[in-house]
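To start, the structure under review is shown below, and the notes come after it.
Values in this text are rule-based calculations from the coordinates and carry no lab data. None of these values were measured; they are calculated from a predicted model. Please note: Cβ atoms are built from the backbone with ideal geometry, for glycine as well, and neighbour counts cover all protein chains shown.
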Amino acid sequence: MIYNAVSAANFVQTAVSLYERYYASLQGNTVENATKPPAPSDSDAAGKECSNLIVLLSELYNLEVVSSILVYDIIRGLLAEDLTEHAVELLLKIVRSAFSFFPPVCYPQ
């Protein structure tokens, strides 16, 4: 049982660190003290990797593997800098995926 918890935590940690590295490469920054992820050929591939990792982390939130604190930290990090096209796309992905269980609000007409 403990082994499963450790491997799940390792999986989540790896997913988050890969997301941070790909997002930093999109912004033109580097993450210190980190091994490089598989090198994407261009920024579109890095953007796709970020998008896929955001959806993965959002689904982990929906399955209650990670808490809302992680999701809100990611949203906070995306809003902390200037809003770029990639940041807006990632925000939209995370909101649609992680918070899709709320029923739509119906306004009276």
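A few notes on this one:
- The calculated FRET efficiency for the pair A8 and I75, based on their C-beta separation and a Förster distance of 30 Å, comes to about 0.85.
- Proximal charge balance of L56 [Cβ under 11 Å; K/R count +1, D/E count -1]: -1
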